Amino acid sequence: KHTREQMNSLWVALTGGGAESRAVITQNFLSTIDALIQDAVCSSWRARAGACSAISDIIVGRSWDELGGGGVVVDDDGEKMNTTASIRLIRLWRSALRALDDVRLVVRERGEVLGRSLRALTIRLCDPSVLISSDDTFLSDSDQMKKDREIEVQAEYAAAVSLGWLVKYGLNAPCPEATGICISCLLGIVDVSKPTTLQPVLAELCYALLMAMSGLEPAALNYLQVRAAGDSNSGGSGNDRYDNLERIRIQAAMSGPIATALNKCLEMVKHVDLETQQKLVPVFDSSLRTGAGFATRAATADAVSNLSNSCPSAFRFKGISSVKLV
């Protein structure tokens, strides 16, 4: 604490504090954030804790261009050249998840703060409505339309990168706290994004959510289900206990956060084009075939019923998968 107070006093003396400090950081933001990301995964726990705290402070309110701009990059190959906003966002999430699973309590506490700050930044980048500045009122109609289109494209980039990384790595994080913050961020992105923003990744997102319905279930439920299956083989009231436990598992899965995000995605299906709707048919077919858990298969059946009622035209094409699914 004493060291932190001394460093804060030194920082205020150098930059002036307040808005002046923010301006200095903005001028050197890219080099600063890259250095802090490296310190967040270094061997010294004090450096990791300090880097996580600093990152959570300086990323507040940043835009896609301030992070480096560029297009969509879902995987970070480790190269330092041509670092774009996509790569920095992925590295920030990786640093946050590692901090949440750190051996030091201080680093884990700073990691929780970083996770909340990064969640707010990610949701903000995916929401086009909050990216319009007050200066846009002085633009002409053509310039305003161009500016709005640029903002929507950046929101699509941010959504594609964030959702792609979260469903591939975040939902499979070994740390429960890391998985929780990733699910919370995923729900926030789905909640604020427009159908056009999620359209490029809607099929992959639905498949990942369906598979996570059973993948994120507690292991204790599987143990109880196996025990109940053994009791049901002996007859008597064992069959009733097995059916009741199965019903409880389905109800718990359908009322969880993953099901909430899945329902919001299915509500957006009616607002996307026909090609995107048809991409969901093989996704549901694959989920029914490869889904290992009963919750995944039950959620897929509900999704198929929802799609057939809201978008029947999605099944009107020649394809083996669609015929078998129907």
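Report the label-to-label distance for E267 and T290 in nanometres (one decimal), using points 7 Å from each Cα along the Cα→Cβ vector.
2.9
At 0.36 nm per residue, minus the direct Cα-Cα distance, what do S255 and Y169 gain on full extension? Give it in nm, one decimal, please. Let's see the in-between values first.
Values: separation 86, 0.36 × 86 = 30.96 nm, distance 2.32 nm.
Additional length available on full extension: 28.6 nm.
Be a star and scan the range 23-56 for residues whose amide nitrogen sits under 20 Å from the point 7 Å along the Cα-to-Cβ vector of V106.
Counting backbone N atoms under 20 Å from the label point, the list is 36-56.
So if I take the centroid of the Cα atoms in the range 1-71 and the same for the range 241-290, what is the distance between those two points in Å?
A separation of 41 Å, based on Cα centres.
Give me the distance in nm between label points sitting 7 Å out from Cα along the Cα-to-Cβ direction at S305 and L14, one decimal.
About 6.2 nm, to one decimal.
Could you give the length gained by full extension between R227 and F29, i.e. 0.36 nm per residue of separation minus their alpha carbon distance, to one decimal place? The partial results should precede the final answer.
Working: separation 198, 0.36 × 198 = 71.28 nm, distance 5.63 nm.
Working it through step by step, the gained length comes to 65.7 nm.
Fully extended, how many nm does the chain gain between M7 and Q38 (0.36 nm per residue separation, minus their Cα-Cα distance)? Don't skip to the answer; put the middle values down first.
Numbers: separation 31, 0.36 × 31 = 11.16 nm, distance 2.00 nm.
Extra length from M7 to Q38 when fully extended: 9.2 nm.
Taking θ = phi - 60°, what integer Hz values does the Karplus form 6.51 cos²θ - 1.76 cosθ + 1.60 yield along the range 167-180, in sequence order, with x for Gly and Pro?
In residue order, the calculated couplings are 6, 8, 10, x, 5, 9, 5, x, 8, x, 5, 5, 4, x Hz.
Could you sort the peptides 296-306, 90-100 by per-residue average Cβ neighbour count (10 Å cutoff), highest mean leading? The partial results should precede the final answer.
Numbers: 296-306: 18.7, 90-100: 22.6.
Packing order, densest peptide first, comes out as 90-100, 296-306.
Given the peptides 40-46, 58-64, arrange them by the average over their residues of other C-beta atoms within 10 Å, most packed first.
Numbers: 40-46: 13.9, 58-64: 16.9.
Listed from highest to lowest mean packing, they are 58-64, 40-46.
Using θ = phi - 60° and the Karplus relation 6.51 cos²θ - 1.76 cosθ + 1.60, list the HN-Hα couplings for the range 19-34 in order, rounded to whole Hz, with x at every Gly or Pro.
3J(HN,Hα) across the range 19-34, in whole Hz: 5, 5, 5, 5, 5, 5, 5, 5, 5, 10, 5, 4, 5, 5, 5, 5.
May I ask you to evaluate 6.51 cos²θ - 1.76 cosθ + 1.60, the Karplus curve with θ = phi - 60°, for each residue of the range 5-10 and list the ³J(HN,Hα) values in order in whole Hz, giving x for glycine and proline?
My calculation for the range 5-10 gives 5, 5, 5, 5, 5, 5 Hz in order.
Read-outs throughout are calculated quantities, based only on the coordinates presented, and are distinct from any laboratory measurement. Computed from a prediction, not measured in an experiment: that's the story for all the values here. Quick reminder, even Gly has a Cβ in these numbers, built from the backbone with ideal geometry, and neighbours come from all protein chains shown.
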